[in-house]
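The values are calculated or read from the model by the stated rules, or taken from the named source; none is laboratory data. The shown structure was predicted, so the numbers you read here are calculated from the model rather than taken from an experiment. Methodologically, a virtual Cβ is constructed for each residue, glycine included, from the backbone with ideal geometry; neighbour enumeration extends over all protein chains shown. Only protein heavy atoms, including side chains, enter the accessible area calculation; ligands, DNA and RNA are left aside. Shrake-Rupley method; radii C 1.70, N 1.55, O 1.52, S 1.80 Å.
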Amino acid sequence: MLYLDNSATTQVLPEVKEAMLPYLLEEFGNPSSKYYSLAQNAKEAVDTARKNAAHLLGCETDEVIFTSGATESNNFIIKGVAHYYRGQGKHIVTSKTEHPSILETCRYLEDNGYKVTYLDVDSFGRVSVQQILEIIQSDKPTLVSLMWGNNELGSLNLISEIAAICKEHKVFFHTDATQIVGKVTIDLSQLNGIDFLSCSAHKFHGPKGVGVAVIRKDELGLPIQITPLLHGGGQERDIRSGTLAVHNIVGMGKAAELAYNNLTSNIEQLNLLESKLSSILTKKFGDKIRFNNDDSNKIPGVLSVQFKGINNEVLVRNLASVMAVSTGSACSSSKPSHVLQAIGLSMEELRSTIRFSLSPTISLADLDIFNSL
Ligand code: PMP
């Protein structure tokens, strides 16, 4: 069975598993304990993972806060900024094609007296830079939160331009980078204006249940202040309490190290796979299919394809014995996709759409399976 649902999750790499195992077995110490070697070893392992995560993202190690994943990071940053700066304004700007962990958090804030602007997107799901500028000039928000790459279409937003505008107007900017880590170069040290970033390890061959919230420093070199989501023992610079999941953090660190070392070859492989898959599909199905995704400025290895006149749920079920694909986001497969609705597809078009999401671990020969369908 060929797994083509890597935007939903990825398989833990063998090296990642090997790195994690000691921290599930003999090295079980709590990194917040002191003086004895089990605690010290756990702390050192967390420090190494933090360095690897920071290296992959191009930020400083003390800007990396470990969380349980991107859902928590998104909740933490949006609620944390909204609450901490509530005296300075209650307007947040996001887009209609964000992940539910952003949209539902924003709806929660709306129920609690905040104003949220949900930006429209173009036919590939990108926000307009001009529109952001206009909103900032007319009703200055506290926070702009926009995804870097879309989980259903793969389209990349113009993040560096948007971040620069936010910086110029002194508006905090957060990006949900969950889908692009390991597939697109991220170097926060070169990107002026990204104050916060979220990601999850399981999208780049790390374990589930661990992620990062990057909280950058301000012009004075001090961490940007936000209200914690989880109060308690004061782990993670007093801003995210809870005993650290050392095994998961070690796994994330190993996955980050591998993603960094292999970034160029992984991107090349994803591009090769994507172009082979799209040409096989075009040759085989001709005008019976239509690609919803753009073919440039996108996450490599993500294709969103309409199979005209065919119900996507039926197709996914019929394909299940040979390949794993999805109708879109795994998080909202029972509801019609809000992303495909936002780009203007009809109900019939979105009910016939399938997402193929590739991984560099797939070989070109694996895709020959499509020739036998
Ligand atoms: N943001 C995006 C863009 C995602 O694709 C996902 C996962 N589908 C998340 C956030 C949430 O990640 P997690 O489920 O690991 O918390």
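The range 272-304 and the range 1-40 have Cα centres spaced 35 Å apart.
Cross-link pairs exceeding 25 Å between alpha carbons, from the set LYS51/LYS183; LYS90/LYS217; LYS43/LYS170; LYS183/LYS208; LYS203/LYS298: LYS43/LYS170.
Radius of gyration (Cα atoms) of the range 248-373, expressed as a multiple of 2.2 N^0.38 Å: 1.14. For the residues ALA70, ALA54, ALA320, a GNM of the chain with alpha-carbon springs under 10 Å puts the largest fluctuation on ALA320. When Rg and Dmax are taken over the Cα atoms of the range 116-237, they come to 15.2, 46 Å.
When the chain is treated as a Gaussian network with alpha carbon springs shorter than 10 Å, the biggest mean-square fluctuation among PRO14, PRO207, PRO336 belongs to PRO14.
Per DSSP H run of at least 4 residues, take -39500 (n - 2.57); add these up for the chain, divide by its residues and hand me the 222 nm value, nearest 500 deg cm²/dmol. Value at 222 nm, helices only: -11500 deg cm²/dmol. Summarising the amide proton neighbourhood of SER145: residues at separation of 5 or more, or on other chains, whose placed amide H is nearer than 5 Å comprise VAL93, THR94, HIS174. Under the simplified labelling scheme, the ASN262-LYS335 pair shows an inter-label distance of 3.5 nm, with each label point 7 Å from Cα along Cα→Cβ. Give the shape of the range 1-79 as rounded, prolate or oblate, defined through the alpha-carbon gyration tensor: a ≥ b ≥ c are the square roots of its eigenvalues, a/c under 1.5 means rounded, and otherwise the shape is prolate if a/b is larger than b/c and oblate if not. Here the range 1-79 falls in the oblate category.
Take the Kirkwood radius over Cα pairs of the range 214-260, plug it into Stokes-Einstein at 4 °C and 1.567 mPa s, and you get 103 µm²/s for translational diffusion. When the inverse distances between all different Cα atoms of the range 144-213 are averaged and flipped, the Kirkwood radius reads 12.5 angstrom. Around the amide H of LEU2, modelled in the peptide plane, lie the amide H atoms of MET323, ALA324, all under 5 Å away and 5 or more residues distant in sequence or on another chain.
Rounded to the nearest 0.05, the FRET efficiency derived from the C-beta distance between SER128 and LYS167 at R0 = 22 Å is 0.75. Summing charges over all other residues whose Cβ lies under 13 Å from the Cβ of LEU364, with Lys and Arg as +1 and Asp and Glu as -1, gives -3.
Rolling a 1.4 Å probe across the protein heavy atoms gives the range 14-261 an accessible surface of 41 Å² per residue. Of interest is the spacing of the C-alpha centroids, which for the range 341-373 and the range 106-167 amounts to 27 Å. Working note: Karplus 6.51/-1.76/1.60 with θ = phi - 60° gives the range 171-187 the couplings 10, 5, 10, 10, 10, 8, 9, 3, 7, 9, 4, x, 10, 9, 5, 10, 9 Hz, where Gly and Pro are set to x. Which residue, chosen from VAL121, THR185, LEU133, occupies the Cα position most advanced towards the positive end of the dipole of the range 78-208, where the dipole is computed from +1 (Lys, Arg) and -1 (Asp, Glu) charges on Cβ about the Cα centre? Of the listed residues, the answer is THR185. In sequence order, the range 120-134 has phi-based couplings of 6, 10, 7, 6, 10, x, 9, 7, 8, 5, 4, 5, 5, 4, 4 Hz under the Karplus curve 6.51 cos²θ - 1.76 cosθ + 1.60, θ = phi - 60°, and Gly or Pro positions carry x.
Counting 0.36 nm for each residue step from THR361 to LYS17 and taking away their Cα separation leaves a gain of 122.3 nm. Take the solvent-accessible surface of the protein heavy atoms, probe 1.4 Å, and return the percent of it on the range 35-121 that carbon and sulfur atoms account for. Whole-percent figure for carbon plus sulfur exposure: 48. Taking every alpha-carbon pair in the range 14-261 and binning the separations at 10 Å intervals from zero gives 8, 33, 35, 18, 6, 1 percent.
In this label model, SER37 and LYS208 are separated by 3.6 nm, measuring between points 7 Å along each Cα→Cβ vector.
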